[in-house]
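This report concerns only the one structure given below.
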Amino acid sequence: MQPIKLALISTLVATSIVAAPKPKVAHLAEKQAAVASIDAHSAEMTALSDRIWRHAETALRETKSAADLASWAETQGFRVTRGVASMPTAFVAEYGNGSPVIGIMGEYDALPGISQKAQPTKEALEAGSPGHGCGHNLFGVASLGAAVSAKELIAAGKLRGTIRFFGTPAEESVSGKVYMLRDGVFEGVDVMLVWHPSDENVSDTRSTQALVDLVVEFRGHTAHAAYDPWNARSAADGLEIFTYSLNMMREHIRPTSRMHYTIQRAGDVPNVVPDYAKLWLWLRDNDRVEVDRMLERVRQMAQGAAMAAGVESTVRVQAGVWNALPNITGQRLAWQNMSWLGPIAFSDDEQLFARQIQKETGVPESGLMPALKPFEEQPGPVEGGSTDVADVSWNIPVIHLSVTTGPSAAPWHAWPVVACGGMSIGHKGMIWASKALATTTVDLFRDPKTIDAMKSEFATKTKGVTYKPYVPDGPPPVPAGDTAPAGRGTN
Ligand SMILES: [Zn+2]
């Protein structure tokens with residue numbers, strides 16, 4: 001019996017070793033060249049990503065990170081324009097001429113207060129400092145690496161047209177892309193590609209939530225709270241009535257809506273009636289129209305609360321983004337290339353690193369997800385979270401990918417993402433993401449019909465919609481220092 005058993009085992013082993021045949025893709029030679037270009041640059045890309053990981057600069061302070069990326073683009077032969085859309089850390093790098101014009105976006109801002117070493121247990125690299133808790137150190141580099149590969153293929157005469165890389169700062173708290181859109185920086189782009197670090201590999205057909213970020217302020221007048229309180233009108237009273245109304249409103253919003261706030265000021269000491277109170281509020285829904293409706297109700301509520309308390313109120317929109325508009329034609333194309341690339345080759349040590357993080361954070365110890373998720377032709381429900389990529393998607397057809405750079409289910413915008421982004425798990429995800437973008441870019445350059453199909457889907461879906469950004473007039477506000485609360489992100 002023994003030999004038969006052995007024979008059976010060896011057959012099984014042999015079967016499992018033989019790799020599954022790669023799915024067929026168009027333009028194989030160009031895609032192989034794109035992948036080879038990224039492999040050739042991978043050491044340089046990894047070093048660049050690690051530098052940006054160490055810079056860990058927050059929204060609109062990404063001076064060194066933007067400079068490192070822009071100068072790499074320049075050394076690769078791109079024409080670089082720095083400081084676009086009134087943001088010194090926003091830039092455009094371009095190569096080639098004529099159409100099509102394919103855009104790729106990259107981000108590089110960090111989050112305040114989550115500094116972390118590249119290790120599977122929580123320990124700050126520098127206590128209280130920012131950290132790349134959304135993996136944007138990987139994001140910018142992978143995107144620019146894909147643009148470099150397209151540039152090399154254009155230079156070699158294998159592709160024809162223009163590749164444009166957009167360095168888009170301040171995703172986390174200012175929504176830099178919305179300002180870039182407002183100022184026409186993306187004009188002339190036929191199709192835009194982008195990815196995001198994640199705990200899974202997906203060609204994203206699901207939307208994201210629309211969000212409006214506002215500040216509600218109350219102004220009254222002060223007096224001593226025991227000596228002559230009848231002479232005062234409390235701003236904190238206005239704020240309390242407002243939050244009470246807001247929480248009553250929760251019963252009467254759609255299940256898809258979300259409201260969250262923090263009270264930032266409501267007086268300093270009990271014996272002085274506060275003359276100023278401030279609340280920071282976000283309203284979200286899967287549909288921007290519903291966000292607008294909530295915003296209108298909130299404006300009325302602030303007026304009512306102010307009237308009841310005998311104070312003045314102001315409601316100021318500081319930022320906001322739309323819900324994403326997925327382009328199924330483009331996403332299907334990207335999925336084919338992601339599928340052709342095969343799973344990310346994470347090692348046993350990397351899986352162990354991920355499981356240690358999962359143990360530390362109390363989530364199932366399932367490790368990393370290296371395989372591509374099936375394509376969702378009929379996208380499921382929108383998950384929580386918002387992004388400024390969404391606004392771009394209402395102006396230009398966008399392809400959006402998510403790529404594994406961290407452990408499944410571990411907290412995002414938190415130390416595990418910083419840890420993985422500074423070591424080989426993040427690096428491997430970054431290189432794979434770059435290849436997924438680059439191979440999809442090849443298809444777009446080679447097949448004008450694909451671009452036409454994406455544009456036609458885009459035209460149908462945006463019919464009758466007029467895009468209007470939420471951001472206020474003027475240059476983007478630079479957020480308070482690195483100790484400010486973490487902003488919004490894609491998760
Ligand atoms: Zn992010």
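Would you mind stating whether Ser456 is under 24 Å from the mean Cα position of the chain (by Cα) and of a type in the set (S, T, N, Q)? Here the answer is no, as Ser456 does not meet what is asked. With respect to the conditions (1) modelled with pLDDT under 95; (2) within 16 Å of the ligand (Cβ to nearest atom); (3) of a type outside the set (Val, Ile, Thr), Ser86 lacks only one, and its number is (2).
Scan Gly385, Gly380 and give me the residue that is modelled with pLDDT under 95, closer than 29 Å to Gly167 by Cβ, out of contact with any Cys (no Cβ under 7 Å at 6 or more places or on another chain) and not in a helix (DSSP H, G or I). Outline the logic, then answer.
On the way: Gly380 fails: closer than 29 Å to Gly167 by Cβ.
Every option except Gly385 fails the conditions.
Residue by residue, here is whether (1) of a type in the set (A, V, I, L, M); (2) in a loop (DSSP other than H, G, I, E, B) holds:
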{"residue": "Ser408", "(1), (2)": "no, yes"}
{"residue": "Met430", "(1), (2)": "yes, no"}
{"residue": "Leu437", "(1), (2)": "yes, no"}
{"residue": "Lys449", "(1), (2)": "no, no"}
{"residue": "Ala459", "(1), (2)": "yes, no"}
{"residue": "Val465", "(1), (2)": "yes, yes"}
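Residue pairs whose Cβ atoms lie under 6 Å apart, separated by 6 or more positions or on different chains, with the first residue in region 156-182 and aromatic (Phe, Trp, Tyr) and the second open to solvent by less than 10 Å² (accessible area, probe 1.4 Å) and in a helix (DSSP H, G or I), are Phe165/Leu144; Phe165/Ala147.
Determine, yes or no, whether Lys455 is part of a loop (DSSP other than H, G, I, E, B), over 30 Å from Gly135 (Cβ atoms) and open to solvent by 10 Å² or more (accessible area, probe 1.4 Å). Step through it out loud before you land on a result.
On the way: part of a loop (DSSP other than H, G, I, E, B): no; over 30 Å from Gly135 (Cβ atoms): yes; open to solvent by 10 Å² or more (accessible area, probe 1.4 Å): yes.
In short, no.
The values are calculated or read from the model by the stated rules, or taken from the named source; none is laboratory data. Computed from a predicted model, the values in this text were never measured in an experiment. Backbone-built Cβ (ideal geometry, glycine too); neighbour counts: all protein chains shown. Side chains included, ligands, DNA and RNA excluded: accessible areas come from the protein's heavy atoms. Shrake-Rupley method; radii C 1.70, N 1.55, O 1.52, S 1.80 Å.
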